[in-house]
Each structure stands twice: as structure tokens, then as C-alpha cells.
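Novice: Take this structure, written in C-alpha cells, and hold onto it; I'll ask about it next.
The values are calculated or read from the model by the stated rules, or taken from the named source; none is laboratory data. The model shown is predicted, which means the values in this text are computed figures rather than measured ones. Here the Cβ positions follow ideal geometry from the backbone for every residue, glycine too, while neighbour counts run over all protein chains shown.
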Amino acid sequence: MLPSDLLFSHQRSGQIYPHFLRPEQCVWSERVLTVIQEHQHRTRGELQAALRALEGDSPDYRIVRGFAHLALNAAEFVLATGELEPETLRQEVFTLAAERGRYGETQAQEVLESVASRYRLEAETLREALYADLPENHLLAALPDFTPDRLVDRYNLAQAQGLLYSALYLRLTAHRNVPGEYRRLFQHLKFHGLMYAVEGHLEDGYQIYVDGPASLFKQTRKYGLQMAVFLPALLRVSRWEMEAVLQRDEREIRYRLDSQSPLKPLTPPPPAYDSLLEERFARRWEKLDTSWILEREVEIVDLKGTVFVPDFALRHPDGRIAHVEIMGFWHPDYLRRKLDKLRRAAMPNLIVAVSERLNVGAEDFQDIPGPILFFKGKLEPRAVLAHLEPMS
């Protein structure tokens, strides 16, 4: 992300807005990348000097600096000495110089030649290697994996993320329209250690309240940074709104974003299905002659501290709704957590399809209200369909 001195925003009527790039400012991304490409296998110091020259007297110098910051974070620098350790070389050179007790350029050259011969190096090569571990002497080995357009997208996202550094809490609204993304959204919330509560329903969208440290003890920048790092996960939901309350200059200010902003996901979309078992079931359901419509991961069940997202929803034109959860993966901890969620969800309209490969039996599901369907190998849609009528 970007440091605070490279963030742009403005305030109006109690709200704060990030500055996204104007079309004429986007040209700097290509220029920055060109300078970086021209300095491959050259030192960081030479590259930084060239980037400072690019800034020149331009009023957009902070934009150039921001592009460079993001691009260089994705580049790879290495020592120019290969397997030689500069610290070890310095110790040998300085120890030998101290032993000889005479100082001057001639004596220094003699010491360098003496040590260099041990490594089969030229004296000048050794001289350069002595301080190769200083950052400005590192060599640019791998270029950042950015196109100019992707660097622009990364820059705009970094501007949006930067305002969340001082966030007290977030309120997110995720609408039903992206199959499979709800579960990943909550996985990201958990991964980044964010506390949340869920309200709402499928038709109007789910309200997700991401609590901040201010409500518990005091606002900390570290928690705000976690909210900022989480933001890209929200971009995978095609319809969303975010409202944050920030702490700025001893007062609170509101910050809003939604899916109409110019922000774009930076990574390719993940697979549509978590497993081949789920994908094959969905493909076979499409060929089934039934009025029941299959939808992928669209319902959220709040379990107070975590959520349960059934694999599929089944909707009938007459308004009936059922859900399907497929248990095909075997791992003791997975089974324990899954059974716990099923019990807490207590959904009588949930069909739990269980692979016979799992080390479970009917007795493990006695306190789960919905029907349990055991299957071998592949889950047949007609077997699921047979359980729908008794549930109506």
C-alpha cells in the first residue's frame, strides 16, 4: 500500500473522498515502468536517481512517486556478489589492514589485491563487493509484473485503502448477484482477524458490520491496516456498498465507497466451485427436467461469530426454498467444524448430502433437523429432488 504522504483525499460536508487518477495522469504509470525496465540488472541507487529525474518539476511528482513505490514493492532486488558475503569480505579486509598498520590508497590497494586473490577476483571487483549489501547497491533482478493499466488500478486501490488506516469501523452491504463470493468474503474477514456481525437477508442484501478496536479499547493503526488489506476482497462482489467511520484530527468523518467506483479486482477470479464434486452436481442439475432452480452460495446464515453459507440454494417458482450442503471432503477438523455449524444453523429446509467415504454415520446427524442424504461417488440430482417434495 502507499504511505500516508502519498495519499490524496478531500473533505466535503462531513465526508472524505479519495482522489482517483484522472485520464491525463495515467500516462505516468507507463513512464515509470519504462524507467524501471531500462534499469534491469542495474543498482537500486541508479534506478532511484532516474525516477527522481522523471519526477522533475512536474506537479504530478507525488503520483510518479506513488507509482514507483507500488511498482518497486513488486520488483525483486538481489546482491551483486552472488555467494560472496559482503560482511565477511569487509571483516577480512579491515582485519588485514589493521594488522599491517599502514594507511593510504597504495596500502589499501595492496590489501584489496591480497584478499581478492583468495577469491580469484580483481581488486576493483572486490572493492565493489565490500558494500554490495547496502540497499542502494542491490541489483534489480526481476521486473514488477505490472502492465500500465494494472498499475493504475493498483494505484487507485491503494488510495482507497489508505483512508482506512484510521477506520474505527465499517458497514458493508453485499447484494445477491455473485455466486460463490459470499463464502470467500467471510474467509477474508476471518483471515485478517476482523470482528463482524451480520444482518439482513438475500433479497435486500446483507449488512456486515466490521467492528474496530475503538469499541473495545482504543483505535489502533494496525487494525485499520487490516481493514485496508481486506478491501480488495470486497471488489469480487459485483454489487456492494461500504461506509466507514474514520478518526481524523480528533473528530469522526464518514467515508463511502460502492461498486460504481473505478476500483477493480487485481487478481483473476477464483474457480466458480470449491470442488469437482460440486461442479459436476451443478452441471447435471442443468440437464434435469425440473422447475427447481439451482443457485450457488447465495444465502448467509449468521451463527454469531461465524457464518454458514450452504453450497446451493434451490428455488421453486411457487416461492419454496431449500438448500443443499455437500460434505465430500474428509478431515477430522473439517468434520467437527461442519457438524457444529449444521447444528447451530438448525435449518429444516437444508438437505445435507454426505459422501459415504466420510467416517460418519446417521447417528452423527441425529440432532440436525433437515434430511440427510448419503451418496456414493457422485451426488445424483434426482436423489436430491426426491427429498424436496416431503419438505414442502
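Novice: Residues that are at pLDDT 90 or above, surrounded by fewer than 20 Cβ atoms within 10 Å (Cβ to Cβ) and closer than 23 Å to LYS378 by Cα: does the stretch 306-315 have at least one?
Specialist: Within the stretch 306-315, one or more residues are at pLDDT 90 or above, surrounded by fewer than 20 Cβ atoms within 10 Å (Cβ to Cβ) and closer than 23 Å to LYS378 by Cα.
Novice: Note down all Cβ pairs under 7 Å where the first residue falls in the stretch 123-143 and is more than 17 Å from HIS41 (Cβ to Cβ), the second is β-branched (Val, Ile, Thr), and they're at least six residues apart or on different chains.
Specialist: LEU126/VAL115; LEU130/VAL93
Novice: Looking at the stretch 268-291, I want the residues that are among the hydrophobic types (A, V, I, L, M, F, W, C) and have a partner that is surrounded by 13 or more Cβ atoms within 10 Å (Cβ to Cβ) with Cβ atoms under 6 Å, at least 6 apart or on another chain. Which pairs are those?
Specialist: Once the first residue is among the hydrophobic types (A, V, I, L, M, F, W, C) and sits in the stretch 268-291, its partners that are surrounded by 13 or more Cβ atoms within 10 Å (Cβ to Cβ) give ALA272/GLY180; LEU277/GLY328; PHE281/LEU379; TRP285/LEU294; TRP285/PRO381; LEU288/PRO381.
Novice: Can you name the residue in the stretch 241-268 that is surrounded by fewer than 11 Cβ atoms within 10 Å (Cβ to Cβ) and not basic (Lys, Arg) and, of all such residues, is nearest to GLU297 (Cα to Cα)?
Specialist: By that ranking, first place goes to PRO268.
Novice: Scan the stretch 347-385 residue by residue and report those that are more than 16 Å from ARG336 (Cα to Cα) and among the basic types (Lys, Arg).
Specialist: Selection gives LYS376, LYS378, ARG382.
Novice: Something else now. Taking the options LEU373, LEU379, name whichever one is at pLDDT 90 or above, over 16 Å from VAL309 (Cβ atoms) and under 35 Å from the mean Cα position of the chain (by Cα). Write out each step before concluding.
Specialist: On the way: LEU373 fails: under 35 Å from the mean Cα position of the chain (by Cα).
After ruling out the rest, the residue left standing is LEU379.
Novice: Follow-up. Given the condition among the acidic types (Asp, Glu) and either exposed (fewer than 13 other Cβ atoms within 10 Å of the Cβ) or touching a Lys or Arg at 6+ places or on another chain (Cβ under 6 Å) (or both), answer yes or no: does some residue in the stretch 345-362 qualify?
Specialist: Yes, the stretch 345-362 contains at least one residue that is among the acidic types (Asp, Glu) and either exposed (fewer than 13 other Cβ atoms within 10 Å of the Cβ) or touching a Lys or Arg at 6+ places or on another chain (Cβ under 6 Å) (or both).
Novice: Of all residues being in a loop (DSSP other than H, G, I, E, B) and touching a strand residue (DSSP E or B) at 6+ places or on another chain (Cβ under 9 Å) in the stretch 179-192, which is modelled with the highest pLDDT? Just the residue, please.
Specialist: GLY180
Novice: Do you know which of the residues in the stretch 225-255 that are small (Gly, Ala, Ser) and at pLDDT 85 or above is nearest to the chain's Cα centre (by Cα)? Steps first, please.
Specialist: Residues of the stretch 225-255 that are small (Gly, Ala, Ser), as a first pass: 228, 233, 238, 244.
Adding the requirement that they be at pLDDT 85 or above leaves 228, 233, 244.
Numbers: ALA228: 10, ALA233: 6, ALA244: 19 Å.
Residue satisfying both the conditions and the ranking: ALA233.
Novice: Please determine, by comparing only the residues of the stretch 72-107 that are part of a helix (DSSP H, G or I) and modelled with pLDDT under 85, which one is surrounded by the most Cβ atoms within 10 Å (Cβ to Cβ).
Specialist: Step one: list which residues in the stretch 72-107 are part of a helix (DSSP H, G or I), which gives 72-73, 86-100, 105-107.
With the extra rule that they be modelled with pLDDT under 85, the set shrinks to 99-100, 105-107.
Working: GLU99: 8, ARG100: 11, GLU105: 7, THR106: 9, GLN107: 13.
Among them, the one singled out is GLN107.
Novice: Note down all Cβ pairs under 8 Å where the first residue falls in the stretch 342-363 and is on the phi > 0 side of the Ramachandran plot, the second is of a type outside the set (Asp, Glu), and they're at least six residues apart or on different chains.
Specialist: ALA346/ILE368; ALA346/PRO369
Novice: Turning to a different aspect of this structure: Can you pull out the residues in the stretch 111-128 that are part of a helix (DSSP H, G or I) and of a type in the set (A, V, I, L, M)?
Specialist: Correct list: VAL111, LEU112, VAL115, ALA116, ALA123, LEU126.
Novice: Residues being in a loop (DSSP other than H, G, I, E, B) and over 26 Å from the mean Cα position of the chain (by Cα): count how many of those fall in the stretch 308-330.
Specialist: Going through the stretch 308-330 one residue at a time, the tally reaches 7.
Novice: Among SER29, SER4, SER13, SER58, which is in contact with a Leu (Cβ under 6 Å, 6 or more places away or on another chain) and of a type in the set (Ser, Thr, Tyr)?
Specialist: The match here is SER29.
Novice: If the requirement is being crowded, with 19+ Cβ neighbours inside 10 Å and either closer than 30 Å to GLN91 by Cβ or not assigned by TED's automatic domain parsing to the domain that holds ALA244 (or both), which of these qualifies: ALA141, ALA129? Quick ask: steps written out before the conclusion?
Specialist: Values: ALA141 fails: crowded, with 19+ Cβ neighbours inside 10 Å.
When all the criteria are applied, what remains is ALA129.
Novice: Scanning the stretch 13-66 for residues that are touching a residue at least 40 places away in the same chain (Cβ under 8 Å) and of a type in the set (Lys, Arg), which turns out surrounded by the fewest Cβ atoms within 10 Å (Cβ to Cβ)?
Specialist: Checking each candidate, the answer is ARG42.
Novice: Still on this model: Out of the residues in the stretch 142-178 meeting the condition of being of a type in the set (Val, Ile, Thr) and not in a helix (DSSP H, G or I), tell me which one is modelled with the highest pLDDT.
Specialist: THR147
Novice: Sort out which residues of the stretch 52-110 are of a type in the set (Phe, Trp, Tyr) and farther than 27 Å from ALA142 by Cβ, and write them in order of number.
Specialist: Step one: filter the stretch 52-110 for residues of a type in the set (Phe, Trp, Tyr), giving 61, 67, 77, 94, 103.
Result: PHE94, TYR103.
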